[in-house]
Amino acid sequence: MTQPLFAAPVESIVRVALPVPVDDLFDYAVPPRLAAAAVPGCRVRVPFSGRPLVGVIVEPGEPGRFAGKLRSIDAVLDAEPVLSETMLGILREEAREILCPPGIAIAAALPPGSAPRSSRGLRLTARGRAALEAGALPETASGLLASLAGRARDGVWLRRRATPELLADLERDGLVAPTHIERGPAARAAVVTIARVAPGLDVDRAAAEALARAPRQMELLRELERRGATPVSALRDAFPTVSALLRPLVSRKLVVLEDRTTPRDVLGDPLHHEPEVVLTADQADAIKPIHDAIDTRSPRTFLLHGVTGSGKTEIYLRAVGKALQLGRQALVLVPEITLTHQILARLRSRFGDGLAVLHSGLRPGERLEQWQRLRGSEVPIAVGARSALFAPLENLGVIVIDEEHDSAYKNDEGFRYHARDLAARRAAAAGCPVILGSATPALETRFAADRGSIERLVLPSRIGGRPLPAVEIVDLQRERELAARGRKIILSGALRRALDDTLRDGGQALLLLNRRGFSTQIFCFSCGNAEHCPECDIALVYHATEQELRCHYCDHSCPTPDVCPGCGAPDQALLGIGTERLEEEIRTRFPHARLARLDRDTAQRRGTTERILSDLRARRLDVVVGTQMLAKGHDFPGVRLVGVVLADIGLHLPDFRAAERTFQLLTQVAGRAGRDRAPGRVVIQTYSPDHYAVKPVRRHDYEKFYAEELGHRAGLGYPPFGHLAHVLVSGPELDATQVAAQSLAQHAEPEPGTELLGPAPAPLARLRGRHRFQLLIKGRDPAAVLRVASRVRAATATLPEGIQAVVDPRPVHLL
């Protein structure tokens with residue numbers, strides 16, 4: 001049982017983390033009536049800058065330090081802590097390292113939508129009530145005040161029924177006054193009403209005495225006696241008017257109704273039991289040190305470096321099984337929501353339904369239910385994307401991070417943590433190992449293994465001795481030279497033939513094009529005009545399905561123009577291709593193929609991703625066209641061909657990790673082919689066939705790419721040989737934003753061994769109507785880089801209104 005912080009019947013002090021951009025905790029007095037409930041990890045509602053805020057108690061304050069000067073907490077919102085003191089410590093440590101306010105970091109760990117909400121509104125004053133009763137108001141005002149007489153109303157309700165001018169007049173005249181309206185949390189667990197016969201009731205006697213003239217009520221009572229406690233919804237087939245029948249039974253105390261929290265099923269269809277397989281020699285060698293670390297509660301980090309199809313998932317399952325065998329818990333992370341379905345299926349087939357899933361694809365109430373199952377120790381396994389790291393698991397035995405190289409593990413807003421770093425902190429606190437799995441490890445991870453900071457375990461070959469797929473690289477420049485003049489190349493001859501062969505032999509194909517839409521821009525041949533987003537320095541993309549132009553950054557959209565807006569000429573062309581155009585090409589060339597498209601546009605429809613992946617796995621599809629969502633860790637036994645339509649997308653971006661990401665994407669998507677008995681085949685189309693990020697893919701040669709990329713990084717002092725901090729300054733006016741960026745640069749005061757680059761326009765120089773400038777801080781000493789970044793961040797407090805600056809001491813993306 002949780003013990004109260006304070007035993008004395010006097011006002012005590014607690015330090016509260018609030019979700020505001022301030023690098024400190026806030027002291028509040030605790031009224032004696034709340035002292036027993038005000039413990040670390042509980043949420044509280046407090047007054048802050050004239051409004052109520054929900055924060056989390058972190059620690060006791062210094063008694064008597066601010067005696068009589070502190071505001072008091074209004075309420076304690078939790079009967080038990082929602083965050084353990086261990087998790088609070090982990091979050092505060094990570095927040096300090098990445099220059100994040102502690103309240104924002106701690107708020108990120110709470111189930112979204114689970115806290116009570118507060119909104120601004122208006123209430124009727126005594127003067128307003130008197131004016132209403134006197135009847136001396138215009139009809140529009142009297143109607144509104146009459147609605148406020150019963151209760152205060154929030155801003156949304158008011159704006160729908162009154163003009164801003166009327167609301168301002170009523171407030172100025174003292175008829176209404178601002179107030180805060182408390183509402184329940186947005187996320188609510190599902191509740192099922194259970195009906196059962198009242199305890200100790202003699203049904204036969206009750207039926208004879210009370211229900212002699214109510215035969216349907218008597219039937220329902222006898223049915224409940226037969227079934228026992230039953231959800232009311234389950235009675236509706238036999239008793240369509242069950243609610244009306246229950247009311248008199250409850251009023252006569254013959255039946256008892258009870259609301260029970262019943263989590264919704266988010267795990268999917270049940271699967272057959274999967275027995276443990278016989279490990280290969282390489283797998284047996286890999287699992288032994290992992291089991292030893294779990295046995296000895298050692299927080300060792302392992303890089304499980306295995307080629308695609310080498311059985312990394314079986315290692316994960318064995319590690320999870322070991323943790324469960326010892327009565328501990330397991331946390332399994334995947335980079336994308338789409339991958340949770342596959343790992344969930346494997347875990348459930350091995351361990352049953354004793355697991356919870358956490359990711360942003362769930363509704364808020366569903367996420368809350370899953371979080372509550374973990375918090376109540378109902379299930380020992382948590383599975384999910386990046387945010388599942390905050391799962392309330394207090395007895396961790398192992399943490400698994402699959403596809404550890406994926407940039408999706410970096411959070412780019414608010415609490416800018418990386419899952420690898422936060423997982424290491426959780427593992428150290430819990431005394432458990434971390435497994436980082438990948439066929440293409442991040443350079444920093446592999447370099448750490450080479451230096452002995454972490455342990456590398458290798459799975460060098462596919463299960464069953466199956467070969468890696470044969471890879472053919474097609475030079476698109478040469479294809480264009482051989483093709484008819486001006487002809488647009490979408491599918492090269494090699495890829496067309498490979499598709500034809502695969503479909504004729506009953507195989508399946510994946511086609512990767514990492515660009516959504518139909519075409520990348522509309523271009524006028526008369527004046528050279530290309531349609532751009534008015535808010536971003538980005539060309540608008542044509543989407544044929546909606547017949548519109550759309551910006552993929554701010555979501556601005558507009559109808560497709562019939563003539564050029566620049567010169568009025570009708571001669572406009574669609575340049576470049578996207579997944580929609582590729583889908584059309586496949587439908588035209590292979591009309592009998594069963595085809596689907598999987599990208600962010602189609603995935604927005606709930607259930608679409610799961611359906612497409614399920615159909616592909618069940619061989620109800622022949623070809624799937626998609627973006628990088630197809631490349632990550634999927635196992636489709638029927639896929640014999642993978643085609644990369646344009647490998648150059650992303651290769652030449654102004655980001656030092658561009659080559660690494662390209663190599664990883666190509667290698668990963670190539671690994672989807674040939675995972676069953678039939679050999680696989682890969683065709684990669686590119687304008688850069690000799691690039692060092694493309695050429696090694698032919699032989700699946702990670703070592704060759706790794707060595708060459710390390711050489712480039714070493715010469716420039718980029719990670720893993722140096723450390724970076726990234727500063728992004730944005731504002732509505734170009735000149736003011738540039739001046740602000742220059743001001744921050746002057747406050748940096750680089751130390752010996754560090755270097756300041758910029759300010760310079762960011763690669764995406766304008767987004768969502770804001771101009772953007774960036775600075776880079778480089779250095780070999782991470783502490784020195786962090787000190788310089790801290791000075792820059794401190795200086796952001798002096799920026800003019802409207803100018804924003806974000807300082808990221810561990811950037812992954814530099815665009």
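Evaluation of PRO689 against the conditions (1) open to solvent by 10 Å² or more (accessible area, probe 1.4 Å); (2) in a helix (DSSP H, G or I) shows that the sole unmet condition is (2). The C-beta contact set for the range 784-806 (first residue more than 16 Å from GLN742 (Cβ to Cβ), second residue open to solvent by 20 Å² or more (accessible area, probe 1.4 Å) and assigned to a helix (DSSP H, G or I), distance under 7 angstrom, 6+ apart or interchain) is empty.
Residue check: is GLY715 within 30 Å of LEU744 (Cα to Cα), free of Cβ contacts under 8 Å to residues at least 12 places away in the same chain and either open to solvent by 40 Å² or more (accessible area, probe 1.4 Å) or of a type in the set (Phe, Trp, Tyr) (or both)? Judged against the criteria, GLY715 is a match. Could we say that PHE705 is part of a helix (DSSP H, G or I), open to solvent by less than 10 Å² (accessible area, probe 1.4 Å) and touching a residue at least 60 places away in the same chain (Cβ under 8 Å) here? Considered against the rule, which asks whether it is part of a helix (DSSP H, G or I), open to solvent by less than 10 Å² (accessible area, probe 1.4 Å) and touching a residue at least 60 places away in the same chain (Cβ under 8 Å), PHE705 comes out as no. A Cβ distance below 7 Å, combined with a sequence gap of six or more or placement on separate chains, defines the contacts here; from the range 392-403, residues that are over 22 Å from GLY89 (Cα atoms) reach no residue that is of a type in the set (Phe, Trp, Tyr) and in a strand (DSSP E or B). Scanning the range 219-275 for residues that are at pLDDT 85 or above and in a loop (DSSP other than H, G, I, E, B) yields GLY228, ALA229, ARG236, ASP237, ALA238, PHE239, PRO240, THR241, ARG252, LYS253, LEU254. The set of residues from the range 107-140 being in contact with a Pro (Cβ under 9 Å, 6 or more places away or on another chain), at pLDDT below 80 and assigned to a strand (DSSP E or B) comprises ARG117, SER118.
A residue that is outside any helix (DSSP H, G or I), in contact with a Leu (Cβ under 9 Å, 6 or more places away or on another chain), under 22 Å from LEU331 (Cα atoms) and of a type in the set (Asp, Glu) cannot be found anywhere in the range 373-383. When restricted to residues that are over 19 Å from LEU303 (Cβ atoms), assigned to a helix (DSSP H, G or I) and either open to solvent by less than 10 Å² (accessible area, probe 1.4 Å) or in contact with a Gly (Cβ under 8 Å, 6 or more places away or on another chain) (or both), the range 386-403 contains 1. Against the condition modelled with pLDDT of 95 or more, in contact with a strand residue (DSSP E or B) (Cβ under 8 Å, 6 or more places away or on another chain), surrounded by fewer than 17 Cβ atoms within 10 Å (Cβ to Cβ) and not charged (D, E, K, R), how does VAL458 come out, does it pass? Taking the combined requirement at face value, the residue satisfies it.
Residues in the range 49-63 that are farther than 17 Å from ALA35 by Cα, open to solvent by less than 60 Å² (accessible area, probe 1.4 Å) and of a type in the set (D, E, K, R): 0 in all. Return yes or no: is LEU91 crowded, with 21+ Cβ neighbours inside 10 Å and more than 30 Å from LEU786 (Cα to Cα)? It is false that LEU91 is crowded, with 21+ Cβ neighbours inside 10 Å and more than 30 Å from LEU786 (Cα to Cα).
Results for (1) of a type in the set (A, V, I, L, M, F, W, C); (2) modelled with pLDDT of 80 or more; (3) exposed (fewer than 15 other Cβ atoms within 10 Å of the Cβ); (4) assigned to a helix (DSSP H, G or I), shown as yes or no for each residue.
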{"residue": "ARG516", "(1), (2), (3), (4)": "no, no, no, no"}
{"residue": "CYS527", "(1), (2), (3), (4)": "yes, no, yes, no"}
{"residue": "GLU535", "(1), (2), (3), (4)": "no, no, no, no"}
{"residue": "THR545", "(1), (2), (3), (4)": "no, no, yes, no"}
{"residue": "LEU574", "(1), (2), (3), (4)": "yes, no, no, no"}
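Each residue in the range 469-483 was checked for being in contact with a helix residue (DSSP H, G or I) (Cβ under 8 Å, 6 or more places away or on another chain) and at pLDDT 85 or above, and 5 pass.
Scanning the range 43-71 for residues that are assigned to a loop (DSSP other than H, G, I, E, B) and within 21 Å of HIS180 (Cβ to Cβ) yields a count of 4. Do we have THR262 as surrounded by 13 or more Cβ atoms within 10 Å (Cβ to Cβ) and either more than 30 Å from GLU610 (Cα to Cα) or touching a Gly at 6+ places or on another chain (Cβ under 6 Å) (or both) here? Considered against the rule, which asks whether it is surrounded by 13 or more Cβ atoms within 10 Å (Cβ to Cβ) and either more than 30 Å from GLU610 (Cα to Cα) or touching a Gly at 6+ places or on another chain (Cβ under 6 Å) (or both), THR262 comes out as no.
The set of residues from the range 404-415 being part of a loop (DSSP other than H, G, I, E, B) and either over 19 Å from LEU344 (Cα atoms) or out of contact with any Ser or Thr (no Cβ under 6 Å at 6 or more places or on another chain) (or both) comprises HIS405, ASP406, ASN411, ASP412, GLU413, GLY414, PHE415. Of the residues making up the range 600-643, those that are farther than 21 Å from ALA673 by Cβ and of a type in the set (Gly, Ala, Ser) are ALA603, GLY607.
Only a single criterion out of (1) in a helix (DSSP H, G or I); (2) touching a strand residue (DSSP E or B) at 6+ places or on another chain (Cβ under 9 Å); (3) surrounded by 20 or more Cβ atoms within 10 Å (Cβ to Cβ) is not satisfied by VAL156, namely (3). ALA186 meets the conditions (1) in a helix (DSSP H, G or I); (2) closer than 30 Å to PRO364 by Cα in every case but one. The failed one is (1).
Criterion first (buried (at least 23 other Cβ atoms within 10 Å of the Cβ), within 30 Å of PRO460 (Cβ to Cβ) and of a type in the set (S, T, N, Q)) does SER407 satisfy it? For SER407, the condition - buried (at least 23 other Cβ atoms within 10 Å of the Cβ), within 30 Å of PRO460 (Cβ to Cβ) and of a type in the set (S, T, N, Q) - is not met. Confirm whether GLY103 is touching a residue at least 60 places away in the same chain (Cβ under 8 Å) and open to solvent by 20 Å² or more (accessible area, probe 1.4 Å). No, not satisfied.
Considering only residues that are over 29 Å from the mean Cα position of the chain (by Cα) and open to solvent by 20 Å² or more (accessible area, probe 1.4 Å), look in the range 35-48 and name the one that is nearest to GLU85 (Cα to Cα). My answer is ALA37.
The values are calculated or read from the model by the stated rules, or taken from the named source; none is laboratory data. Since the model is a prediction, treat every value here as computed from it, not as a measurement. Cβ: placed from backbone, ideal geometry, glycine included. Neighbour counts: every protein chain shown. SASA here: full protein model, heavy atoms, side chains in, ligands and nucleic acids out. Shrake-Rupley method; radii C 1.70, N 1.55, O 1.52, S 1.80 Å.
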